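Written out below as structure tokens is the structure these notes cover.
The values are calculated or read from the model by the stated rules, or taken from the named source; none is laboratory data. Keep in mind that what you see is a predicted model, and the values were worked out from it rather than measured. Neighbour counts run over all protein chains shown; Cβ positions are idealised from the backbone, glycine included.
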């Protein structure tokens, strides 16, 4: 995750002047610390409210002392924002947005049990999963070969080698979703085994949410296809690097994919240009930041690691003649230099050209017609829950104030939470985590250094699981230039017991690939933040030092999440963000210019920060609820109950854990 340019550690100069202003609630550490054998009950009403979220999500959340009702009222969009033109139109005609607020009971209605029972119900559920995966991958060569080592065993195939189809048809999406909802409704849920029930609940929930989204053609235009941190061009070289070759045809297909880059990225640029022509524009700085990501790719043209990687992967092809090998190498280099890199130069030029239509007052989702409804839907998706934006704001501010109070009271403590290089950190963590977490299967991993040209824009580390039908395809990307003195906590986030651990565990206990291919990013990032903020103990931190780090780290993720919510739901500018955060924390910490980069980031990628901050918040609430079911449970037992409930929504996880305990 991208960190704020200004860390709270730098604010200790003025914190010394205000020790009388704050007092830390005594149970704050208990709320977050997985290393205590008993997680204290929280001194708040959130847990009770969470149990009732499904019933209450259409009701307005009561205002807290820290949230001024007038701020939200002032940022209501006018009928003509972001431009003075009428509602934009597209090739699909006039855009459609919701006329009524989202209703859980309407989107997820109660359904009477179907008449397919027993083994027939299991068979039909498996058939639904297979058919859904086939349609979701849509014959995409890259998706199929990345996700599965033996894709044919999954009943998957591809008709042509391409990056996929950029065009979309909301009516087709709606019809597809309705088809699967009707098929699922014919199954008698109660007759399914436990693991199939978990899958049934999750896939039905997801498809019902997709069906809701597909009703509104305007939603398709509200978010850009490119951003400067997470969109496809940011990781394309690393994704291509894990495509393996077993036959000469595999290598030829890979070259064909490289040649398809021109068509695919032309279509993405055309869509972004269409958005801009309709009034959906980013700031000049955002367009420049996106263009720079393409510049970084172009800079690799003559010295890209994929040239050597391609040759190395050819070694796995048995019986490949020297002539065929040389022909493939030459064809690959030609495709890279004549198509691949020139296309990214074209993308950079086309994105920079959009700066001509950018304005100083860049609109956000909150200012667009239907933007708040759209943002609410992606808040649900990115928090892996039924959390509304209002509830997310309330929870985020409550946690953030607690973290700030704890940090001020404890004071900044210097730290160096690392065992050395990446391998030394992996070895240390693997040797310590199983006191608190269940076992994972035997597995292998590799790690790769991020090329120098990407060092300034890439996170300190990242994890990629591919070939998910086995346990040995795990890639950890390392950006040494961005590594801090706390590199060990970054490794904890990405590997043990973070993303890699969670991915391996889920795959080891789950019979349905859908659950780990389409798991929620809020689940995955919430888990990774949770283990990261608690990881200093593995590196010898005292409880006091652990507490200080936890507060410091959470301030970053929660501050960014609150700005995300403010920008995209309340229409904040950077100055608004600074004013609100300063008022909330009772200190003059920020100016608008200090937060502009964060505002630009969450405008480019709405909910980018929410998935970390609120994913963490709802996940820890869920762990508390599970412990409350049986206070005698150990930390390891709580983690096992949680993980065994699989990457369903957090509400579904709680219900599954409850059912498991009752049984």
Being surrounded by 20 or more Cβ atoms within 10 Å (Cβ to Cβ) and within 30 Å of residue 369 (Cα to Cα) is the filter here; which residues of the stretch 254-267 pass it?
265
For the structure I just gave you, tell me whether residue 298 is at pLDDT 95 or above, surrounded by fewer than 20 Cβ atoms within 10 Å (Cβ to Cβ), touching a helix residue (DSSP H, G or I) at 6+ places or on another chain (Cβ under 6 Å) and closer than 25 Å to residue 347 by Cα.
yes
I'd like to check something: does the stretch 515-523 contain any residue that is touching a residue at least 60 places away in the same chain (Cβ under 8 Å) and more than 30 Å from residue 128 (Cα to Cα)?
no
What's the number of the condition residue 351 fails, among (1) over 30 Å from residue 252 (Cα atoms); (2) touching a residue at least 40 places away in the same chain (Cβ under 8 Å); (3) surrounded by fewer than 19 Cβ atoms within 10 Å (Cβ to Cβ)?
(3)
In the stretch 239-252, anything in a helix (DSSP H, G or I) and under 30 Å from the mean Cα position of the chain (by Cα) is listed as 239, 240, 241
Output the number of residues of the stretch 214-238 satisfying the condition of being more than 21 Å from residue 463 (Cβ to Cβ) and either buried (at least 19 other Cβ atoms within 10 Å of the Cβ) or over 20 Å from the mean Cα position of the chain (by Cα) (or both).
12
Criterion (closer than 30 Å to residue 197 by Cβ, buried (at least 22 other Cβ atoms within 10 Å of the Cβ) and at pLDDT 95 or above) met by exactly one of 557, 533, 567, 529
529
Failed condition for residue 83, given (1) modelled with pLDDT of 95 or more; (2) more than 20 Å from residue 178 (Cβ to Cβ); (3) surrounded by 11 or more Cβ atoms within 10 Å (Cβ to Cβ), with all others met?
(1)
Determine which member of the set 169, 165, 173, 182 is within 27 Å of the chain's Cα centre (by Cα) and under 28 Å from residue 196 (Cβ atoms).
173
Of residues in the stretch 152-170 being in contact with a helix residue (DSSP H, G or I) (Cβ under 8 Å, 6 or more places away or on another chain) and free of Cβ contacts under 8 Å to residues at least 60 places away in the same chain, the one farthest from residue 224 (Cα to Cα):
155
Qualifying residues in the stretch 403-414 (those that are surrounded by fewer than 22 Cβ atoms within 10 Å (Cβ to Cβ) and either at pLDDT 95 or above or touching a helix residue (DSSP H, G or I) at 6+ places or on another chain (Cβ under 6 Å) (or both)) - the one farthest from residue 488 (Cα to Cα):
410
Within the stretch 622-629, is even one residue outside any loop (DSSP other than H, G, I, E, B) and either under 21 Å from the mean Cα position of the chain (by Cα) or closer than 13 Å to residue 526 by Cβ (or both)?
yes
Just one of the numbered conditions (1) within 33 Å of the chain's Cα centre (by Cα); (2) within 14 Å of residue 250 (Cα to Cα); (3) surrounded by fewer than 16 Cβ atoms within 10 Å (Cβ to Cβ) is not true of residue 337; which one?
(2)
Scan the stretch 103-141 residue by residue and report those that are assigned by TED's automatic domain parsing to the domain that holds residue 212, in a helix (DSSP H, G or I) and more than 16 Å from residue 513 (Cα to Cα).
118, 119, 120, 121, 141
